[in-house]
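Just below is one structure, and these are the notes that go with it.
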Amino acid sequence: MKFHNLTAVSLWVLMLFSCSGTAGDEPLRDVVERGYDVATRQALMMARELEPLEGALPRTVEEDGTLATAEYHAWISGFFPGVLWYLYEHAPSDELKSYAELYTARVEPAKNQTNTHDLGFMLYCSFGNGYRLTGNPRYLEVMETGARSLTTRYDPGVGLIRSWDSFREQWQYAVIIDNMMNLEFLSFIARETGRDEYMEMAVSHADKTLEHHFRPDNSSFHVVSYDTVTGLPHVKNTHQGLDDSSAWARGQAWALYGYTMMYRETGDRAYLEKARDVAAFLMSHPRMPEDLVPYWDFDDPGIPDVPRDASSAAIMASALIELSELDDSPEAVRYLDYAVVQVRSLSSPGYLAEPGTNGGFILKHSTGNLPGGSEIDVPLTYADYYYVEALGRLKKYILTGGRE
Ligand code: GLY
């Protein structure tokens, strides 16, 4: 969707939600401001609490209510600094900036890791946002090192970045759908440094994932493992979903976000088509709840009595807002409409924390790894990141009527 159409869309969305007589009565502008207000209070509380704990970054809340933290090597390490940068971007203050710098610095040792594919999450959400907002050349150096580390995991014979080194007896070369999220980092570094090979790797990864990771209904497998000799899949499984044939909610959200982002980065309409197809799968799913915050897996037979995953809704909303802005078809309006409902749901008392509670996290009710028995119906730092990102996109694309 071109920018000039957005004004009409935004008016349409605002009208829809101011005339509905439902929870949508609150003007969208106020929802976004309220979300930012809660997010800022929570993030500053968290930042002050963790400051004395060297290297600590927030992850979730344990069953006994204690805060669970992680260090730089965890896949989630970059999200909290990213939240602080997004909040600083919305309402700059010295306190937010110094905390964003402090927690970003805690992630720096991740740049040398070659045993994880998650360097995009870790470094681009933290250093990437920091660089975008401050231009600090040191941040770019850190990311260049990290991108070099990430590309050691790319095998040209397979044409994909390997996700996991573990489970070798089961998977020769495991690639998870989540890995699409690292491609934005590679694309950015390719642009900044002129290293075209980084973009070629990103495109190859996106193309092969498009070819092999999706079912005929456009839902995505979680794990596809490739035969390292033929470069073709030898098994398609799950790790965090219900079973190999199920639609694990967050995996679908990563796919939607990943192909929307790759369309933005390349202009390749095959990626736009895939983003539209995944959006159609999600938006027409008969087991999507009324508030549009997915159950943790769309195929859990216990639905509706199973945990939700607010992180999936936040990732979806952020992606759909962008898709509505990029897409030039009449569907674009529906993406925005849907995302606005998701943001309204996440901003309601059922999901948005009462300030001072929830261990300092912003959202409640996410699910990390249900089959693994961990992080079920809890706050999660990445849910917070994509929620705040969605608020920023609503503000940028609709409420202030403009892009960067
Ligand atoms: N990338 C890990 C997850 O989505 O849980």
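Just so you know, all these numbers are worked out from the coordinates, no wet-lab data involved. Computed from a predicted model, the values in this text were never measured in an experiment. So basically every Cβ, Gly included, is an ideal-geometry build from the backbone, and we count neighbours across all protein chains shown.
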Per the Kirkwood formula over distinct C-alpha pairs, the hydrodynamic radius of the range 166-250 in angstrom is 13.8 Å
Listed with the fewest Cβ neighbours within 10 Å leading, Met181, Met201 appear as Met181, Met201
Given Cβ charges of +1 for Lys and Arg and -1 for Asp and Glu, the option among Ser93, Pro304, Val343 whose Cα lies farthest towards the positive end of the dipole of the chain is Ser93
Rg/Rh over Cα atoms for the range 51-141, Kirkwood Rh, comes to 0.98
From fewest to most C-beta neighbours within 10 Å, the residues Trp164, Trp85 line up as Trp164, Trp85
The lysines whose Cα lies under 18 Å from the Cα of Lys236, excluding any fewer than 8 residues away in the same chain, are Lys208
Treating every alpha carbon of the range 145-297 as one equal point scatterer without solvent, the Debye formula yields log10 I(q)/I(0) values at q = 0.21 Å⁻¹ of -1.36
Taking 0.36 nm per residue of separation between Arg138 and Ser348 and subtracting their Cα-Cα distance, the length gained on full extension comes to 71.7 nm
A chain fully extended from Asp25 to Asp94 at 0.36 nm per residue, minus the present Cα-Cα distance, gains in nm 21.4 nm
Under the Karplus relation with 6.51, -1.76 and 1.60 and θ = phi - 60°, whole-Hz ³J(HN,Hα) for the range 268-285, x at Gly and Pro, equal 6, 6, 5, 6, 4, 4, 5, 4, 4, 5, 5, 4, 5, 4, 5, 6, 9, 5
Sorted by chain and then number, the residues having a modelled amide H within less than 5 Å of the amide H of Asp299, at least 5 places away or on another chain, are Ala247
Of 285-291, 359-365, 153-159, 35-41, ordering from highest average Cβ density within 10 Å down gives 359-365, 35-41, 153-159, 285-291
Per the 1/(1 + (r/R0)^6) rule, R0 = 41 Å and r from the Cβ atoms of Ser329 and His73, FRET efficiency to 0.05 is 0.45
Measuring from its Cα centre, the chain shows a charge dipole (+1 at each Lys and Arg Cβ, -1 at each Asp and Glu Cβ) which, in debye to the nearest 20, is 740 debye
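For the chain, what relative contact order do you get, as a whole percent, if you take Cα pairs closer than 8 Å and at least 6 residues apart?
Reported as a whole number, the value is 18 percent.
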Semi-axes in Å, largest first, for the range 315-401 (Cα gyration tensor, √(5λ)) are 27, 15, 10
Note on the range 28-155: contact order normalised by length, alpha-carbon pairs under 8 Å, 6 or more apart, percent, works out to 21 percent
Binned at 10 Å starting from 0, the alpha-carbon pair-distance distribution of the range 129-217 in whole percents comes out as 15, 45, 28, 11, 1
The extension gain from Thr400 to Glu211, computed as 0.36 nm times the residue separation minus the Cα-Cα distance, is 64.2 nm
Taking only the alpha carbons of the range 250-404, the radius of gyration and the largest Cα-Cα distance, Dmax, both in angstrom, are 15.2, 45
Counting only backbone N atoms under 19 Å from a point 7 Å out along Cα-to-Cβ of Arg34, the residues of the range 354-378 in range are 354-358, 361-365
Plugging the Cβ-Cβ distance of Asp268 and Leu53 into 1/(1 + (r/R0)^6) at R0 = 51 Å yields, to the nearest 0.05, a FRET efficiency of 0.70
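How do Phe214, Phe80 rank when sorted from fewest to most other Cβ atoms within 10 Å of their own Cβ?
Phe214, Phe80
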1/(1 + (r/R0)^6) with r = Cβ-Cβ of Asp299 and His234, R0 = 22 Å, i.e. FRET efficiency to nearest 0.05, evaluates to 0.40
GNM of the chain, Cα pairs under 10 angstrom: of Ser348, Ser318, Ser93, the biggest fluctuation goes to Ser93
Under the 7 Å Cα-to-Cβ spin-label approximation, Ser284 and Thr145 lie apart by a distance in nanometres of 4.9 nm
One checks the Cα atoms of the chain and finds Rg and Dmax, in Å, of 19.8, 60
Expected sort for 100-112, 293-305 on mean C-beta neighbours within 10 Å, highest first, is 100-112, 293-305
Length-normalised contact order of the range 293-336, Cα under 8 Å, at least 6 apart, in percent, tallies to 29 percent
As straight-line cross-link partners of Lys395, the qualifying lysines (C-alpha separation under 19 Å, not fewer than 8 residues apart within one chain) are Lys2
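Only four residue types carry charge here, +1 at the Cβ of Lys and Arg and -1 at the Cβ of Asp and Glu. Report the dipole size of the range 169-308 about the Cα centre in Debye, rounded to the nearest 20. Please report the intermediate quantities before stating the final value.
Numbers: 12 positive and 23 negative charges, 51 e Å.
Taking the Cα centre of the range 169-308 as origin, the dipole is about 240 debye.
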